[in-house]
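Below is one structure, written out as structure tokens; comments come after it.
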Amino acid sequence: MTAIRPAGPADADAVLRLFDEAIAWFVSIGNTGQWGTEPFSSRPEQVARIRGWVAEPGSWVAEQPETGVVGFLALGAATEYVPAATEPELYVRVLIGSRDARAKGTGRRLLEFAHEQARAAGVGKLRVDCYAGGTGDLVRFYESCGYTRTDLFTVGAWPGQVLERPVDAAR
């Protein structure tokens, strides 16, 4: 059974491991445009970023008794590089799940948890952004979770897609 609990500084290494696993997998399938080819654990700026994320309010980990931390979610205000919201919202700032087959479905569960948090906060919209390059699989994943495409953006040469989901929408 996967439990979701608030993240804290002690979770930084486990969350860093999730990013390293994802990058290794991306490299193996030729998707080097999303986060590059170097593990986050070897990049001091990324280590510092993750240590900051896990310490922020609105950060959560998904954990399984047999495998430990299998997912991470950070909720809050929209990032500065996306168009501003036109109504009160909650923003999925970070979402990552383990590549371990035993963790299958963790990303979807964390997105449903984000929806529950948005509903409890009384906001009408949940937004997220993601890498829009490569095969487009990531955008399609969010669409399969009830999100619709809104704005495209770029950060340098990195293509991004903003997606949104009404909070009152039933799944």
Screening Pro57, Pro6, Pro44 for residues that are closer than 16 Å to Gly71 by Cα and out of contact with any helix residue (DSSP H, G or I) (no Cβ under 7 Å at 6 or more places or on another chain) leaves only Pro6
Go through Glu38, Glu89 for me and flag whichever is within 25 Å of Thr154 (Cβ to Cβ) and surrounded by 14 or more Cβ atoms within 10 Å (Cβ to Cβ). Glu89
Of everything in segment 53-88, what is in contact (Cβ under 8 Å) with a residue 60 or more places away in the chain and more than 20 Å from Ala12 (Cβ to Cβ)? Give them in sequence order. Pro65, Tyr81, Val82, Pro83
Take Ile29 and tell me if it is open to solvent by less than 20 Å² (accessible area, probe 1.4 Å) and without any contact (Cβ under 8 Å) to a residue 40 or more places away in the chain. no
So Leu90, is it within 12 Å of the chain's Cα centre (by Cα) and under 21 Å from Gln161 (Cβ atoms): no
Residues being touching a residue at least 24 places away in the same chain (Cβ under 8 Å), assigned to a strand (DSSP E or B) and of a type outside the set (Asp, Glu): count how many of those fall in segment 123-149. 6
Out of everything in segment 124-149 that is open to solvent by less than 60 Å² (accessible area, probe 1.4 Å) and among the β-branched types (Val, Ile, Thr), what residue ends up being nearest to Gln34 (Cα to Cα)? Val139
Considering only segment 150-171, how many residues are surrounded by 14 or more Cβ atoms within 10 Å (Cβ to Cβ), in contact with a Gly (Cβ under 6 Å, 6 or more places away or on another chain) and within 14 Å of His115 (Cα to Cα)? 2
Could you tell me which of the residues Gly97, Gly71, Gly107 is in contact with a Lys or Arg (Cβ under 8 Å, 6 or more places away or on another chain) and open to solvent by less than 70 Å² (accessible area, probe 1.4 Å)? Gly71
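The values are calculated or read from the model by the stated rules, or taken from the named source; none is laboratory data. Just so it is clear, the structure is predicted and the values come from calculations on it, not from any experiment. Note: ideal-geometry Cβ built from the backbone for every residue, glycine included; neighbour counts use all protein chains shown. The protein model used for the area step is the full one, side chains on, heavy atoms only, and it has no ligands, DNA or RNA in it. Shrake-Rupley method; radii C 1.70, N 1.55, O 1.52, S 1.80 Å.
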